[in-house]
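Remarks on the structure that follows.
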Amino acid sequence: MIDLTTLADLTPGICSVTLREKGIDDVIRISSEAGLAGIEWGTDVHVSDAASAAHAKEATEEEGMSVLSLGSYYRAGSFDDFDRVLELAIALGAPRVRIWAGGTGSAAATEEDWAAVVEDTRRIADLAAARNVAIAFEYHGNTLTDSPETTLQLLSRVDHGNVGTYWQPAVGLSDQQALESLHQVLPHLVGVHCFSWGPEAERHPLRARKQLWQSVSDVLRGNGKDMDVMLEFVEDDEPENVLNDAAFLHGITLGED
């Protein structure tokens, strides 16, 4: 018998990039209609300055939802101005900032590339920790976190308690391969980006990979660590498909589907 008291709570949310063509208020309205609990606000369009960050924070909270994180496009290893990113996170009320592990895939990265990403990540992790904000790597191709092995290698080299990683199913992997990658990074996992693409970059309804996402949910709930599971990209970028995918996401995060 499963001990329900030990199961983690999974928070169904959305990345604002899913609705990139919509304004802040529309993103919140659609997310609320979908019954989602929180939003990762991206810096690509929606949160670009202090005013938009404050607007997103206030409007999200007024609707009864939470700000889950700031989806930044900061590239570790660039040694750019992270203070600006951090100030956006503070203004947004984000507990976490998503960053990218450089701009070169692990197969092509040199030792200099690795060293720069490691050093810069430690630098910004210290800055963020001083403001009670966590750091999470995007799990993505063409970066040093393009596989579970290199993600673990990077986290080991960074060796900082304020740094974790997101996970998403890499495009082209089978369900079993994707689950294996999840299990490998699970001890360092702080959030999941949720979508169904394949076999290449075609976008499908989340339910199209029902077995995968049910299994992911089971793993996450059984891991005992509360987790944000955020929709990222839907078929045709249509708001109606946010509602459809959210309905499925609700079911699996509650263990009902």
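Some notes on this structure:
- Every listed requirement among (1) surrounded by 16 or more Cβ atoms within 10 Å (Cβ to Cβ); (2) within 19 Å of residue 69 (Cα to Cα) is met by residue 130 save one, (1).
- Enumerated helices (runs of 4 or more DSSP H) restricted to the stretch 104-197, each holding at least 3 residues that are among the hydroxyl-bearing types (Ser, Thr, Tyr): 148-158
- Just one of the numbered conditions (1) touching a strand residue (DSSP E or B) at 6+ places or on another chain (Cβ under 8 Å); (2) surrounded by fewer than 18 Cβ atoms within 10 Å (Cβ to Cβ) is not true of residue 121: (2).
- Residues (hydrophobic (A, V, I, L, M, F, W, C), crowded, with 19+ Cβ neighbours inside 10 Å and over 16 Å from residue 36 (Cβ atoms)) located in the stretch 217-257: 220
- Restricted to the stretch 77-112, and to residues there that are of a type in the set (Lys, Arg) and out of contact with any Gly (no Cβ under 7 Å at 6 or more places or on another chain), the residue that is farthest from residue 153 (Cα to Cα) is 84.
- Among residues that are in contact with a helix residue (DSSP H, G or I) (Cβ under 6 Å, 6 or more places away or on another chain) and surrounded by 15 or more Cβ atoms within 10 Å (Cβ to Cβ), residue 213 is included.
- Identity of the residue in the stretch 214-257, acidic (Asp, Glu) and in contact with a Cys (Cβ under 9 Å, 6 or more places away or on another chain), that ends up farthest from residue 190 (Cα to Cα): 245
- The set of residues in the stretch 33-91 that are of a type in the set (Asp, Glu) and under 20 Å from residue 11 (Cα atoms) comprises 33, 40, 58, 61, 62, 63.
- Residue count for the stretch 200-257 under the criterion of being in a helix (DSSP H, G or I) and at negative phi: the result is 33.
- Among the residues making up the stretch 68-93, none is over 27 Å from residue 103 (Cβ atoms) and either loosely packed, with under 15 Cβ neighbours inside 10 Å or touching a Ser or Thr at 6+ places or on another chain (Cβ under 8 Å) (or both).
- Condition met for residue 51 (surrounded by fewer than 13 Cβ atoms within 10 Å (Cβ to Cβ), at pLDDT 95 or above and among the aliphatic types (A, V, I, L, M)): yes
- For the stretch 236-257, filtering for residues that are at pLDDT below 95 and under 19 Å from the mean Cα position of the chain (by Cα) leaves 4.
- From 217, 196, residue being touching a strand residue (DSSP E or B) at 6+ places or on another chain (Cβ under 8 Å), hydroxyl-bearing (Ser, Thr, Tyr) and in contact (Cβ under 8 Å) with a residue 40 or more places away in the chain: 217
- When 116, 134 are checked against the criterion of being touching a helix residue (DSSP H, G or I) at 6+ places or on another chain (Cβ under 9 Å) and of a type outside the set (D, E, K, R), a single residue qualifies: 134.
- Failed item in (1) under 30 Å from residue 127 (Cα atoms); (2) among the β-branched types (Val, Ile, Thr); (3) touching a Gly at 6+ places or on another chain (Cβ under 7 Å), with residue 171 passing the rest: (1)
- Just one of the listed residues (219, 234) is in contact with a His (Cβ under 8 Å, 6 or more places away or on another chain) and among the hydrophobic types (A, V, I, L, M, F, W, C), namely 219.
- Residue that is touching a strand residue (DSSP E or B) at 6+ places or on another chain (Cβ under 6 Å), modelled with pLDDT under 95 and on the phi < 0 side of the Ramachandran plot, where the choices are 171, 185, 190, 163: 171
The values are calculated or read from the model by the stated rules, or taken from the named source; none is laboratory data. Because the structure is predicted, anything quoted here is derived from the model rather than measured. Using ideal geometry, Cβ is built from the backbone for each residue, glycine included, and neighbour counts are taken over all protein chains shown.
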